[in-house]
Amino acid sequence: MRINKRDVVIREIEQNDINLLYALFQEVTDEDKRFFHPHPFDKKTVTKICNSKGDHYYIMLLDNKIIGYSMLRLFGYEIPSFGIYICKQFRNRGYGTILTKWTIGKAKRLGYKKVILKTYKENIAAQKVYKKVGFVVVGETPDGKQLNMELKL
């Protein structure tokens, strides 16, 4: 199936997106959770995300279905931590890069000077996207399993 990327909409998450986001979270497989586990994937968490006032959450929609999800989480700090999830059937087709670039652009517009992230060393596909948009490796986690990356804006 070929999809025109111009038909995709990216926007901030809203309170009334609870059911849409929960539907996306139900598609997150155990294999996906090996690399993407920033929070639980239950209805309570979805409700908190859709009502968040401190962190920034975004969705990528195609035909009113969420196909991607990104975030800039602050964890009480001034530098946001970036995260992204793309539905399995839309991976390796450029959607991750589109959503990553859009989210980084949003971080700039919000006035952030830098964005950070952690990625598992074996998550090569994600690292390619991050490096493509300018993230650089600045170290690794104490357990040696993940790379710390940052992007100066």
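Data table
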| item | result |
| --- | --- |
| Centre separation in Å (Cα based) which lies between region 83-125 and region 9-71 | 14 |
| Estimated dipole of region 73-126 in Debye, rounded to 20 [Cβ of Lys and Arg +1, of Asp and Glu -1, Cα centre] | 140 |
| Expected 222 nm ellipticity per residue - DSSP helices of 4 or more, -39500 (n - 2.57), all of the chain, to 500 | -9000 deg cm²/dmol |
| Under 25 Å from LYS108, Cα to Cα: lysines that are on another chain or at least 8 residues apart | LYS5, LYS48, LYS53, LYS118, LYS128, LYS131, LYS132, LYS152 |
| For region 50-63, 3J(HN,Hα) per residue [Karplus equation, 6.51 cos²θ - 1.76 cosθ + 1.60, θ = phi - 60°, Hz, x = Gly/Pro] | 5, 10, 5, 10, x, 8, 10, 10, 9, 10, 10, 10, 9, 6 |
| Spin-label zone in region 45-74 - amide nitrogen under 11 Å from a point set 7 Å from the Cα of ALA23 along the C-beta vector | 62-67 |
| Debye, to nearest 20: dipole size of region 26-131, +1 on Lys, Arg Cβ, -1 on Asp, Glu Cβ | 400 |
| Förster-model FRET efficiency, 22 Å R0, LYS33 and LYS101, C-beta, rounded to 0.05 | 0.30 |
| Burial order of peptide ranges 29-41, 77-89 (average beta-carbon count within 10 Å, highest first) | 77-89, 29-41 |
| Largest-first principal axis extents, alpha carbons of region 4-153, Å | 38, 31, 30 |
| Computed E for LEU110/ASN16 - FRET, C-beta separation, R0 25 angstrom, nearest 0.05 | 0.65 |
| Karplus-derived 3J(HN,Hα), 6.51/-1.76/1.60, for each residue of region 129-141, Hz, glycine and proline x | 5, 4, 5, 4, 8, x, 5, 10, 6, 10, x, 9, 5 |
| Length-normalised contact order for the chain - Cα pairs under 8 Å, 6+ apart - percent | 18 |
| Residue exposure sequence - LYS113, LYS53 - by fewest surrounding Cβ within 10 Å | LYS53, LYS113 |
| Theoretical FRET efficiency, 1/(1+(r/R0)^6), r = Cβ-Cβ of THR141 and ARG6, R0 35 Å, to 0.05 | 0.35 |
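Bear in mind that the values in this text are calculations on the coordinates, not laboratory data. Only a predicted model underlies this, so the values are computations on that prediction, with no experimental measurement involved. With ideal geometry, Cβ positions are generated from the backbone for all residues, glycine too; neighbour counts draw on all protein chains shown.
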